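The structure appears right after this line, and notes come after that.
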Amino acid sequence: MPSSGHRLRDVEHHPLLSENDSCDPAASSPAEADAADRVWFIRDGCGMVCAVLTWLLVAYADFVVTFVMLLPSRDFWYSVVNGVVFNCLAVLALSSHLRTMLTDPGAVPKGNATKEYMESLQLKPGEVIYKCPKCCCIKPERAHHCSICKRCIRKMDHHCPWVNNCVGEKNQRFFVLFTMYIALASVHALVLCGLQFIACVRGQWTECSDFSPPVTVILLIFLCLEGLLFFTFTAVMFGTQIHSICNDETEIERLKSEKPTWERRLRWEGMKSVFGGPPSLLWMNPFVGFRFRRLQTRPRKGAPEFSV
Ligand SMILES: [Zn+2]
Ligand SMILES: [Zn+2]
């Protein structure tokens with residue numbers, strides 16, 4: 001037991017650890033203070049493939065909507081209005097995707113479980129603090145270790161390969177917007193597909209598209225399947241996220257049936273804490289708080305992320 005009077009436990013409630021065991025001092029970042037100024041990117045092969053695939057699927061949907069359905073249409077305003085709406089949804093969805101992927105989800109500084117740091121916390125005698133044995137940090141309440149990010153993440157909800165990042169305290173709002181905009185774009189694409197099929201069946205297949213009828217049918221069927229799949233996945237995820245936020249409970253806490261030791265912020269209070277401030281249209285804006293940053297790589301050995 002540490003001599004400072006408080007107890008230090010690791011996250012899994014294993015036997016008590018001392019301050020200095022197994023912590024690699026090199027693992028701690030010398031510049032954690034400026035980590036908040038950096039955009040975070042996880043170098044995980046599976047996550048990067050899934051993220052690129054997401055962009056390609058959105059690009060495919062945009063191509064079919066624009067070049068197969070809207071541009072060949074004889075109704076000018078139908079094409080303009082639907083083109084603007086769909087492309088706005090696609091841009092908002094991809095922007096939300098980027099913000100989710102490149103925002104630090106709430107990483108706890110690595111290797112801060114040092115004697116000096118714990119003394120600076122001025123803990124009361126008998127107070128129990130938790131230490132992560134994997135990244136050697138003092139684990140705040142509600143933080144969990146992510147084996148892909150190799151960090152403890154505050155209010156970690158889950159690690160999502162489709163956005164190649166953890167969903168946590170600081171990027172959950174962007175993840176919610178991503179699921180919402182993809183669900184809306186999917187519904188829009190499905191409606192346009194339905195209208196296109198009706199128009200082609202009623203008229204001439206050779207006239208309803210610039211592509212040959214077999215190619216048009218294949219492109220539309222693939223878009224329908226993609227729209228159905230994306231809509232189902234993102235609508236369920238959106239509903240789950242809103243439910244979690246309104247109950248102030250992360251997915252991990254729900255799965256582990258953790259009894260809340262924190263003061264719960266329910267319904268609108270939960271939404272305000274995630275989206276920041278009272279309800280407004282800014283909640284829908286994935287660009288909020290965005291600023292350009294200097295490209296800056298952090299070639300630290302063993303570190304999974306680089307910064308932008
Ligand atoms: Zn950890
Ligand atoms: Zn993660």
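Of the residues making up the stretch 91-108, just one is assigned to a loop (DSSP other than H, G, I, E, B) and either without any contact (Cβ under 8 Å) to a residue 40 or more places away in the chain or small (Gly, Ala, Ser) (or both), namely GLY106. When the stretch 109-124 is filtered for residues that are assigned to a helix (DSSP H, G or I) and open to solvent by 50 Å² or more (accessible area, probe 1.4 Å), the ones remaining, listed by number, are LYS115, GLU116, TYR117, GLU119, SER120.
Evaluated against (1) more than 16 Å from ligand 2 (Cβ to nearest atom); (2) without any contact (Cβ under 8 Å) to a residue 24 or more places away in the chain; (3) among the hydrophobic types (A, V, I, L, M, F, W, C); (4) open to solvent by less than 70 Å² (accessible area, probe 1.4 Å), ILE218 falls short on exactly one condition, (4).
Look at (1) away from ligand 1 (no atom under 16 Å from the Cβ); (2) open to solvent by 50 Å² or more (accessible area, probe 1.4 Å); (3) hydroxyl-bearing (Ser, Thr, Tyr) and you find that SER186 fails only one, number (2).
Listed here are the residues, each with its yes/no results for (1) in a loop (DSSP other than H, G, I, E, B); (2) within 16 Å of ligand 2 (Cβ to nearest atom); (3) open to solvent by 50 Å² or more (accessible area, probe 1.4 Å).
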{"site": "CYS135", "(1), (2), (3)": "yes, yes, no"}
{"site": "CYS166", "(1), (2), (3)": "no, yes, no"}
{"site": "ILE182", "(1), (2), (3)": "no, no, no"}
{"site": "VAL191", "(1), (2), (3)": "no, no, yes"}
{"site": "VAL201", "(1), (2), (3)": "no, no, yes"}
{"site": "LEU225", "(1), (2), (3)": "no, no, yes"}
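Restricting the stretch 227-279 to residues that are under 23 Å from TRP55 (Cα atoms) and touching a strand residue (DSSP E or B) at 6+ places or on another chain (Cβ under 9 Å), the residue that is most open to solvent (accessible area, probe 1.4 Å) is MET237.
Can you tell me which residues in the stretch 51-108 are farther than 29 Å from ILE198 by Cβ and open to solvent by 10 Å² or more (accessible area, probe 1.4 Å)? Break it down stepwise before answering.
Taking the stretch 51-108 first, the residues farther than 29 Å from ILE198 by Cβ are 51-55, 94-108.
Residues satisfying the conditions are VAL52, LEU53, TRP55, LEU94, SER95, LEU98, ARG99, MET101, LEU102, THR103, ASP104, ALA107.
Applying a threshold of 7 Å to beta carbon distances and a minimum spacing of six or more residues, or different chains, the list of pairs starting in the stretch 141-160 at a residue that is closer than 15 Å to ARG254 by Cα and ending at one that is open to solvent by 10 Å² or more (accessible area, probe 1.4 Å) and in a strand (DSSP E or B) reads MET156/HIS144.
It is to be established whether one or more residues within the stretch 146-158 are of a type in the set (Ser, Thr, Tyr), under 21 Å from THR103 (Cβ atoms) and within 16 Å of ligand 2 (Cβ to nearest atom).
Yes - at least one qualifying residue is present in the stretch 146-158.
The values are calculated or read from the model by the stated rules, or taken from the named source; none is laboratory data. Just so you know, these numbers come straight off a predicted model, no measurement behind them. In this analysis, Cβ positions are derived from the backbone assuming ideal geometry, glycine residues included, and neighbour counts consider all displayed protein chains. For accessibility, only protein heavy atoms count, side chains too; no ligands or nucleic acids. Shrake-Rupley method; radii C 1.70, N 1.55, O 1.52, S 1.80 Å.
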